[in-house]
Each structure stands twice: as C-alpha cells, then as structure tokens.
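Working notes for the structure below.
The values are calculated or read from the model by the stated rules, or taken from the named source; none is laboratory data. Source: prediction; values computed, not measured. Counting neighbours? That spans all protein chains shown, and the Cβs are built from the backbone with ideal geometry, glycine included. The accessibility values were calculated without ligands, DNA or RNA, using every heavy atom of the protein model including side chains. Shrake-Rupley method; radii C 1.70, N 1.55, O 1.52, S 1.80 Å.
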Amino acid sequence: MGQQELDEIIKKHKMWLEGYKKGMKADLREADLRRADLRGANLRGANLERADLEGANLYGANLEGADLYGADLYGTSVISFQLGKHFGFYHEGYLRIGCIGHDLKHWLENIESIGQKNNYTKEEIELYKAQIELIKKFKGKK
C-alpha cells in the first residue's frame, strides 16, 4: 500500500473517530504496511489484523483498542505477547491485555484486582505481572 493511500485511510479514520458521516473506520486487515510512516497517526480502534507492519515508524501513533491480532510487528516499537487466554500489546507506555488497556504504572499497581475481576487464576496473574515488569524494565518508566 502506498503512503498516499494510507494517509487517506488515516484521514477518513480520524473523521470516523470524530463522528463525521464521511468518516470510515480504518480497515487495514492484511495490509502491507512494511516501513510505512505512521508517525502520530491516530489508529485508535482500527483493524490491523494480520497487517505486515515490519519496520513501520509508529512513533507517537495511537494504537489504543486497535486490533493487532496476528500483525507482524517486527522492527517496530510495539511489543506483543500471549500468556494465558489473552494477547497483550505494548506501545509507548500503553499496555492492552485482551480488551483492557492502561499505562504500565496502573497495571503494576492493580494487576491483582484486574486479574481477579476478570477471572484470572493466581498463576495467570503472576505470569502477566512478570511480563509487565519485564516490559517496564526494557521499555519505560510509565
């Protein structure tokens, strides 16, 4: 996919997020976005399932609530993982596990209560906590 076409999709997605009738949710399923420039793009809630994002520039991009299932994130600033029943995605201080997203600090302070509320076992809670601590160690202070 060319950058111009991608920019138009992002523009329409922004309009969709803002509630304009001419807007359209970004559907980038299986899109070839290798080395795409997505700096600052608001892709909140976009469908990026199985998209090839290898080497894409995601600096400042908002991926909150985006469907990244099966996406190739090699060479990006996004960390993805699966432990237990849910996939996890981390990008610029924001971590989503399953449908729940918070900054790292919130996760670390509340993982037990979040896990219990969502019927995680003690073992699953400990696995996710260890993964969150590992991300914090390598990626940030948030």
- line: So, over other residues within a Cβ distance under 13 Å of GLN82, counting Lys, Arg +1 and Asp, Glu -1, the net charge is +1
Carbon plus sulfur fraction of accessible area for the chain, probe 1.4 Å, in percent: 48 percent
query: Cross-link list LYS85/LYS117; LYS12/LYS136; LYS25/LYS117: which exceed 23 angstrom alpha carbon to alpha carbon?
result: LYS12/LYS136; LYS25/LYS117
- request: First obtain the Kirkwood hydrodynamic radius of the chain from its Cα pairs, then insert it into the Stokes-Einstein equation at 10 °C and 1.306 mPa s, and state the resulting D in µm² per second as a whole number.
  value: 101 µm²/s
- prompt: Taking the Cβ-Cβ separation of ARG34 and ILE100 as r and a Förster radius of 25 Å, what is the calculated FRET efficiency to the nearest 0.05?
  reply: 0.25
query: If we count every other residue with Cβ under 9 angstrom of LEU17's Cβ, Lys/Arg +1 and Asp/Glu -1, where does the sum land?
result: +2
query: Just how large is the dipole of region 1-77 about the Cα centre, in debye to the nearest 20, putting +1 at every Lys and Arg Cβ and -1 at every Asp and Glu Cβ?
result: 360 debye
- prompt: Taking the Cα centre of the chain as origin and charging only Cβ (+1 Lys, Arg; -1 Asp, Glu), how large is the dipole, in debye to the nearest 20?
  reply: 420 debye
- line: hull vol. (C-alpha, convex hull) per residue for region 32-98, Å³ -> 70 Å³
query: What is the Cα coordinate range of region 1-63 on the first, second and third principal axes, sorted by size from largest, in whole angstrom?
result: 32, 22, 20
